[in-house]
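Heads up: the structure comes next, in structure tokens.
The values are calculated or read from the model by the stated rules, or taken from the named source; none is laboratory data. In this text the structure is predicted, and so the values were computed from the model without any measurement. No Cβ is skipped: glycine too gets one built from the backbone with ideal geometry, and neighbour counts run over all protein chains shown.
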Amino acid sequence: MKRSIVVLLLFIGVVLAWLGCDNRPPSRNQIPILKQCLLELQVAVKDKNRAGIDSLLSVKILDYDENSDSLLSLVYGPDRDFAFEQFALGEIKYGHDAAQIDCFVMDTTHRRDRPLRMTYRKDKDLWLLGRFVLPDSSDIPEQP
């Protein structure tokens, strides 16, 4: 009787540990997918396509009072006079269902003085932009 209780408790512990922990590293095949997400966002922002941007945003982004208009304002500036050309990739950090892309908002001068941090969330099989912020430029690694 005592042995069966110990075995049962051990079994329950193993099952709970198995359900609660996923120690496998995330698949590296997510890197090109996240780069593609950034490229799609870049195209929509360059075209100032609000509907295209909205299709790439998570609904949770509204919790931060962010949307396609606020992203366009951030990229093009309050006077909408910044000559946006691209998001230059800095670094991608990701897990199974969350990712952070640090990049730079660039014009034709290609200066890396406008850092942008984007947080993506995985919704089923789709990565959607959940937040964007302007971090301190020292937080984002410089690329050659």
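Restricting the first member to segment 74-98 and to residues that are among the acidic types (Asp, Glu), and the second to residues that are at pLDDT 95 or above and assigned to a helix (DSSP H, G or I), the beta-carbon pairs closer than 8 Å and six or more apart or on different chains are 85/46.
Taking (1) at pLDDT below 90; (2) not in a strand (DSSP E or B) in turn, residue 43 satisfies each apart from (1). Scanning segment 45-84 for residues that are hydrophobic (A, V, I, L, M, F, W, C) and within 19 Å of residue 128 (Cα to Cα) turns up 45, 51, 53, 56, 57, 59, 61, 62, 71, 72, 74, 75.
Yes/no per residue for (1) among the hydrophobic types (A, V, I, L, M, F, W, C); (2) out of contact with any Gly (no Cβ under 7 Å at 6 or more places or on another chain); (3) farther than 30 Å from residue 27 by Cβ:
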{"position": "48", "(1), (2), (3)": "no, yes, yes"}
{"position": "70", "(1), (2), (3)": "no, yes, yes"}
{"position": "73", "(1), (2), (3)": "no, yes, yes"}
{"position": "81", "(1), (2), (3)": "no, yes, yes"}
{"position": "88", "(1), (2), (3)": "yes, yes, no"}
{"position": "96", "(1), (2), (3)": "no, yes, no"}
{"position": "109", "(1), (2), (3)": "no, yes, yes"}
{"position": "118", "(1), (2), (3)": "yes, yes, no"}
{"position": "125", "(1), (2), (3)": "no, yes, no"}
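Of the residues that sit in segment 55-78 and are within 21 Å of residue 98 (Cβ to Cβ) and acidic (Asp, Glu), which one is surrounded by the most Cβ atoms within 10 Å (Cβ to Cβ)? Top of the filtered list is 66. Looking only at segment 77-88, decide whether some residue is out of contact with any helix residue (DSSP H, G or I) (no Cβ under 7 Å at 6 or more places or on another chain) and part of a strand (DSSP E or B). Yes, some residue in segment 77-88 is out of contact with any helix residue (DSSP H, G or I) (no Cβ under 7 Å at 6 or more places or on another chain) and part of a strand (DSSP E or B).
Out of curiosity, is residue 118 out of contact with any Pro (no Cβ under 7 Å at 6 or more places or on another chain), among the hydrophobic types (A, V, I, L, M, F, W, C) and without any contact (Cβ under 8 Å) to a residue 24 or more places away in the chain? It is false that residue 118 is out of contact with any Pro (no Cβ under 7 Å at 6 or more places or on another chain), among the hydrophobic types (A, V, I, L, M, F, W, C) and without any contact (Cβ under 8 Å) to a residue 24 or more places away in the chain.
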